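The values are calculated or read from the model by the stated rules, or taken from the named source; none is laboratory data. Keep in mind that this is a model prediction, so the values were computed, not measured. Cβ placement follows ideal geometry from the backbone for every residue including glycine, while neighbour counts extend to all protein chains displayed.
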Amino acid sequence: MKNLSIEKFVSDVAELTKPDDIIWCDGSEKENETLISKMLKEGIFIELNQEKNPKSYLHRSDPNDVARTEHLTFICSKKEEDTGPTNNWSQPDQFKVKLNGLFDSAMEGRTMYIVPYLMGPEGSPYSQVGVQITDSPYVVANLRIMTRMGKRALDYLGESDNFVKGIHSTGDLSPDRRYIGHFPEERLIMSIGSGYGGNALLSKKCHSLRIASVIAREKNWLAEHMLILGIESPDGELTYISGAFPSASGKTNLALMKPPEGYKDWKAWTLGDDIAWFHIGKDDRLWAINPEAGFFGVAPGTNMKSNPNAIASLKKNAIFTNVAVTADGNPWWEGLTVDPPNNLTDWHGKLWKQDNGKAAHPNSRFTTAIYQTPSVSPKLDDPQGVPVSAMLFGGRRAKLTPLVYESFNWVHGVFIGATMGAETTAAAVGKVGVIRRDPMAMRPFCGYHMADYFSHWIKIGSSMVNPPRIFHVNWFRLDENGKFIWPGFGDNIRVLKWIVDRVKGRGKAIKTPIGYIPTPDALDINGLNISSSELAELLRVDNNAWLEEMKEIRTFFTSLGKKLPNDLLKELTNLETRLKA
Ligand code: OXD
Ligand code: MN
């Protein structure tokens with residue numbers, strides 16, 4: 001069966017980019033093998049120790065192309081006011097002329113790959129098809145893991161023209177000629193000059209968040225930068241939660257959490273580590289699917305303690321990008337083992353020495369299928385998804401925000417998400433460790449005006465009698481010696497247990513100006529090395545410090561202009577009043 005819309009799309013792009021040949025990807029094993037041998041021959045893939053890491057490969061990206069480039073990412077809505085102040089805008093026709101100039105003949109001497117992909121389970125009414133055209137075989141190999149690609153996507157689409165178009169070329173990899181352009185009204189993405197991660201795997205941030213958030217607003221659902229996790233108590237009670245955390249802030253660790261000693265009879269089921277699409281069910285619950293099928297996780301810091309399930313999922317069929325390699329051909333990154341092994345090759349391919357800086361790039365990544373993690377939820381391919389009872393917002397904050405608190409209601413929860421602040425990380429180019437406001441962890445990923453996005457969130461909540469409860473968590477509080485107070489990782493299940501208790505109407509809490517926090521005895525710290533004064537510090541609300549924070553929030557709200565929903569301004573004023581009381 002031919003899809004005429006795809007044929008037309010492909011011939012138009014081929015005419016512009018002039019590839020030497022065109023390969024239509026079907027997603028088969030055979031196709032993957034051919035692609036891998038080609039990449040090995042061309043040095044795009046480097047073979048890892050195949051005995052220890054069967055069918056796993058290393059890729060070294062251009063050193064100028066190692067993270068998302070937000071300053072080169074544009075939302076080209078027809079009207080600038082639809083893009084909003086947190087995005088770069090360019091007039092769509094003009095931007096297309098500029099990009100077409102860069103795409104002109106960009107694939108000369110190269111192969112053009114056509115990658116149809118399905119975001120979401122087969123048979124799900126909530127899934128979406130995209131077609132990415134790319135000249136990067138590395139991108140194809142990643143999409144094969146990250147999405148349900150090839151024939152499956154075409155079968156889902158049939159003859160329909162309802163797919164997101166993605167045009168990608170690595171161009172000459174020069175940051176001066178690198179742009180990631182989104183045309184929301186046309187469901188079109190054009191990306192040139194980068195072969196890396198969220199800039200190049202267009203299914204991920206570009207389609208499933210920036211374009212999908214626009215579609216979600218039109219169709220009354222939510223496309224979010226969130227993990228999805230099922231928590232099963234010893235008596236079999238299963239509660240699904242979702243959570244938004246800024247890039248490289250432990251989202252993958254939480255999504256793949258393994259309950260620690262003392263919680264062995266609890267289970268945590270992984271559904272997704274990065275993106276969730278939510279629909280309101282006929283039963284008044286909010287149902288989530290993960291559009292993706294793989295993880296594109298940050299490698300540094302991943303180890304048997306922080307994330308044993310990720311380590312288990314990396315045993316085979318994995319792609320490693322910009323990690324270091326040991327002398328016997330195994331991947332390595334900072335934090336994988338306590339001490340670096342001898343004779344490491346760094347991410348540039350040079351013999352690494354202690355004073356050479358990091359051996360693996362701080363934003364080095366692994367790509368692996370969710371199906372390979374021992375904690376994979378049996379519901380991952382369920383067309384309906386899972387009903388979510390609690391949504392978490394979290395940021396990396398050394399001070400101020402307590403370990404956990406619960407919003408008073410949905411609108412207050414939206415306020416908490418909208419005012420999230422977090423320290424920046426290596427996932428995007430720019431200064432690391434400064435606080436920036438990152439509403440719902442969507443600042444770099446919302447495809448339209450942030451103030452309209454807040455209104456949309458409020459509307460979604462008001463469409464349900466019992467929307468999910470909203471919480472804020474912060475695993476990253478430091479003591480006066482700069483040490484983390486909370487152990488984090490698997491022990492975060494203790495916080496999730498309180499959240500589940502709250503959802504079920506049994507967790508004890510104290511009302512504070514910022515929300516409900518656990519009573520000291522409601523949080524299980526049994527077996528942890530945490531004193532009661534440390535616990536008090538973890539849960540402390542410092543009214544004066546919060547009042548200082550309110551000034552920044554007011555400035556941020558002002559920067560969003562007059563579309564900011566009144567409800568949120570009211571929340572701000574009410575919070576200030578409570579803090580002063
Ligand atoms: C990611 C990111 O790659 O958020 O998931 O940057
Ligand atoms: Mn992410």
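So that you can scan it fast, the table gives a plain yes or no per residue for (1) buried (at least 16 other Cβ atoms within 10 Å of the Cβ); (2) β-branched (Val, Ile, Thr); (3) within 19 Å of ILE231 (Cα to Cα); (4) at pLDDT 95 or above:
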{"position": "ASP491", "(1), (2), (3), (4)": "yes, no, yes, yes"}
{"position": "ARG494", "(1), (2), (3), (4)": "yes, no, yes, yes"}
{"position": "VAL503", "(1), (2), (3), (4)": "yes, yes, yes, yes"}
{"position": "ILE517", "(1), (2), (3), (4)": "yes, yes, no, yes"}
{"position": "GLY527", "(1), (2), (3), (4)": "no, no, no, no"}
{"position": "SER532", "(1), (2), (3), (4)": "no, no, no, no"}
{"position": "VAL541", "(1), (2), (3), (4)": "yes, yes, no, yes"}
{"position": "TRP546", "(1), (2), (3), (4)": "yes, no, no, yes"}
{"position": "LYS562", "(1), (2), (3), (4)": "no, no, no, yes"}
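When you scan segment 103-114, do you find a residue that is on the phi > 0 side of the Ramachandran plot, in contact with a Lys or Arg (Cβ under 7 Å, 6 or more places away or on another chain) and among the small types (Gly, Ala, Ser), even just one?
Taking every residue of segment 103-114 in turn, at least one turns out to be on the phi > 0 side of the Ramachandran plot, in contact with a Lys or Arg (Cβ under 7 Å, 6 or more places away or on another chain) and among the small types (Gly, Ala, Ser).
Give me the residue from segment 85-104 that is in contact with a Leu (Cβ under 8 Å, 6 or more places away or on another chain) and part of a helix (DSSP H, G or I) and, out of that set, surrounded by the fewest Cβ atoms within 10 Å (Cβ to Cβ).
So the residue we want is ASN100.
When you look at VAL429, is it surrounded by fewer than 19 Cβ atoms within 10 Å (Cβ to Cβ) and within 16 Å of ligand 1 (Cβ to nearest atom), yes or no? Give the steps one after another, and end with the answer.
On the way: surrounded by fewer than 19 Cβ atoms within 10 Å (Cβ to Cβ): yes; within 16 Å of ligand 1 (Cβ to nearest atom): yes.
Criteria met by VAL429.
Return yes or no: is LYS18 in the same structural domain as ILE189 (by TED's automatic domain parsing), under 30 Å from LEU560 (Cβ atoms) and at pLDDT 95 or above? Full working, then the answer.
Values: in the same structural domain as ILE189 (by TED's automatic domain parsing): yes; under 30 Å from LEU560 (Cβ atoms): no; at pLDDT 95 or above: yes.
No, not satisfied.
Enumerate the pairs (first residue in segment 203-220 and touching a residue at least 40 places away in the same chain (Cβ under 8 Å); second residue anywhere and more than 13 Å from ligand 2 (Cβ to nearest atom) and small (Gly, Ala, Ser)) with beta-carbon separation below 6 Å, excluding pairs fewer than 6 apart on the same chain, so at least 6 apart or on different chains.
Sorted first by the residue in segment 203-220, then by its partner, the pairs are SER203/GLY130; HIS207/GLY130; ARG210/GLY447; ILE211/GLY447; SER213/GLY447; VAL214/GLY447.
Spot the failing condition for SER208; the list is (1) at pLDDT 95 or above; (2) not basic (Lys, Arg); (3) not assigned by TED's automatic domain parsing to the domain that holds ARG178, and only one is missed.
Of everything listed in (1) at pLDDT 95 or above; (2) not basic (Lys, Arg); (3) not assigned by TED's automatic domain parsing to the domain that holds ARG178, SER208 misses just condition (3).
Within segment 252-296, count every residue that is within 13 Å of the chain's Cα centre (by Cα), over 21 Å from VAL388 (Cα atoms) and modelled with pLDDT under 95.
0
Scan segment 142-151 and tell me whether some residue there is under 24 Å from TYR371 (Cβ atoms), modelled with pLDDT of 95 or more, among the β-branched types (Val, Ile, Thr) and crowded, with 20+ Cβ neighbours inside 10 Å. Write out each step before concluding.
Narrowing segment 142-151 to residues under 24 Å from TYR371 (Cβ atoms): 142-151.
If we keep only those that are modelled with pLDDT of 95 or more as well, we get 142-151.
Still in the list and also among the β-branched types (Val, Ile, Thr): 145, 147.
From the residues that got through so far, the ones that are crowded, with 20+ Cβ neighbours inside 10 Å too are 145, 147.
Checking segment 142-151: at least one residue is under 24 Å from TYR371 (Cβ atoms), modelled with pLDDT of 95 or more, among the β-branched types (Val, Ile, Thr) and crowded, with 20+ Cβ neighbours inside 10 Å.
ALA324 - would you say it is within 16 Å of ligand 2 (Cβ to nearest atom) and closer than 26 Å to ALA141 by Cβ?
No.
Would you check which residues across segment 443-461 are assigned to a loop (DSSP other than H, G, I, E, B) and either of a type in the set (Gly, Ala, Ser) or at pLDDT below 95 (or both) and list them?
GLY447
Inside segment 400-431, can you point out the residues that are within 16 Å of ligand 2 (Cβ to nearest atom), under 19 Å from LEU478 (Cβ atoms) and not small (Gly, Ala, Ser)?
Within segment 400-431, MET420, GLU423, THR424, THR425 qualify.
Here are the criteria: (1) in contact with a Lys or Arg (Cβ under 9 Å, 6 or more places away or on another chain); (2) modelled with pLDDT of 85 or more; (3) not in a loop (DSSP other than H, G, I, E, B). Tell me which single one MET440 does not satisfy.
With respect to (1) in contact with a Lys or Arg (Cβ under 9 Å, 6 or more places away or on another chain); (2) modelled with pLDDT of 85 or more; (3) not in a loop (DSSP other than H, G, I, E, B), MET440 is out only on (1).
Please name all residue pairs, on different chains or six or more residues apart, with Cβ atoms under 8 Å, provided the first residue is in segment 31-47 and is outside the structural domain of GLY329 (by TED's automatic domain parsing) and polar (S, T, N, Q) and the second residue is part of a helix (DSSP H, G or I) and surrounded by 17 or more Cβ atoms within 10 Å (Cβ to Cβ).
Here the result reads ASN32/ALA141; ASN32/ARG144, each pair linking segment 31-47 to a residue that is part of a helix (DSSP H, G or I) and surrounded by 17 or more Cβ atoms within 10 Å (Cβ to Cβ).
Tell me, which helices (runs of 4 or more DSSP H) wholly within segment 471-562 include 1 or more residues that are assigned by TED's automatic domain parsing to the domain that holds SER455 and under 25 Å from TRP266 (Cβ atoms)?
Once the helices (runs of 4 or more DSSP H) in segment 471-562 are filtered for at least 1 residues that are assigned by TED's automatic domain parsing to the domain that holds SER455 and under 25 Å from TRP266 (Cβ atoms), what remains is 492-503, 532-539.
Is there a residue in segment 66-76 that is outside any loop (DSSP other than H, G, I, E, B), hydroxyl-bearing (Ser, Thr, Tyr) and more than 16 Å from ligand 2 (Cβ to nearest atom)?
Going residue by residue through segment 66-76, those that are outside any loop (DSSP other than H, G, I, E, B) are 68, 70-75.
Those left that are additionally hydroxyl-bearing (Ser, Thr, Tyr): 73.
From what's left, more than 16 Å from ligand 2 (Cβ to nearest atom): none.
Checking segment 66-76: not a single residue is outside any loop (DSSP other than H, G, I, E, B), hydroxyl-bearing (Ser, Thr, Tyr) and more than 16 Å from ligand 2 (Cβ to nearest atom).
Identify all residues within segment 163-205 that are under 19 Å from THR83 (Cβ atoms), part of a helix (DSSP H, G or I) and more than 16 Å from ligand 2 (Cβ to nearest atom); write none if there are none.
Of everything in segment 163-205, those that are under 19 Å from THR83 (Cβ atoms), part of a helix (DSSP H, G or I) and more than 16 Å from ligand 2 (Cβ to nearest atom) turn out to be PRO184, GLU185, GLU186.
TRP287 is checked against (1) farther than 19 Å from MET146 by Cβ; (2) touching a His at 6+ places or on another chain (Cβ under 7 Å); (3) crowded, with 24+ Cβ neighbours inside 10 Å and fails just one. What number does that condition carry?
Result: TRP287 fails condition (3) only.
For ALA244, indicate whether it is touching a helix residue (DSSP H, G or I) at 6+ places or on another chain (Cβ under 9 Å), outside the structural domain of GLY120 (by TED's automatic domain parsing) and under 14 Å from ILE370 (Cβ atoms). Please lay out each step first, then the result.
Details: touching a helix residue (DSSP H, G or I) at 6+ places or on another chain (Cβ under 9 Å): yes; outside the structural domain of GLY120 (by TED's automatic domain parsing): yes; under 14 Å from ILE370 (Cβ atoms): no.
The answer is no for ALA244.
The rows are residues; the columns are (1) under 23 Å from the mean Cα position of the chain (by Cα); (2) of a type in the set (Val, Ile, Thr); (3) within 19 Å of PHE393 (Cα to Cα).
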{"site": "ILE416", "(1), (2), (3)": "yes, yes, yes"}
{"site": "ASP438", "(1), (2), (3)": "yes, no, yes"}
{"site": "ALA451", "(1), (2), (3)": "yes, no, yes"}
{"site": "ARG469", "(1), (2), (3)": "yes, no, yes"}
{"site": "HIS472", "(1), (2), (3)": "yes, no, yes"}
{"site": "ASP479", "(1), (2), (3)": "no, no, no"}
{"site": "LYS504", "(1), (2), (3)": "no, no, no"}
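Given the residues ALA255, ALA276, ALA244, ALA288, which is the only one that is away from ligand 1 (no atom under 16 Å from the Cβ) and within 29 Å of GLY421 (Cβ to Cβ)?
Answer to the check: ALA288.
Take the conditions of a type outside the set (Asp, Glu) and not assigned by TED's automatic domain parsing to the domain that holds SER462 and apply them to SER313. Does it pass?
yes
Would you check if THR373 is out of contact with any His (no Cβ under 8 Å at 6 or more places or on another chain), among the β-branched types (Val, Ile, Thr) and surrounded by 20 or more Cβ atoms within 10 Å (Cβ to Cβ)?
Answer is yes for this residue.
Give me the residue from segment 321-370 that is over 25 Å from ASP65 (Cβ atoms) and of a type in the set (Val, Ile, Thr) and, out of that set, surrounded by the most Cβ atoms within 10 Å (Cβ to Cβ).
Of everything passing the filter in segment 321-370, ILE370 is surrounded by the most Cβ atoms within 10 Å (Cβ to Cβ).
Among the residues of segment 396-405, write down those that are touching a helix residue (DSSP H, G or I) at 6+ places or on another chain (Cβ under 8 Å) and crowded, with 24+ Cβ neighbours inside 10 Å.
LEU403, VAL404 - these are the residues of segment 396-405 that are touching a helix residue (DSSP H, G or I) at 6+ places or on another chain (Cβ under 8 Å) and crowded, with 24+ Cβ neighbours inside 10 Å.
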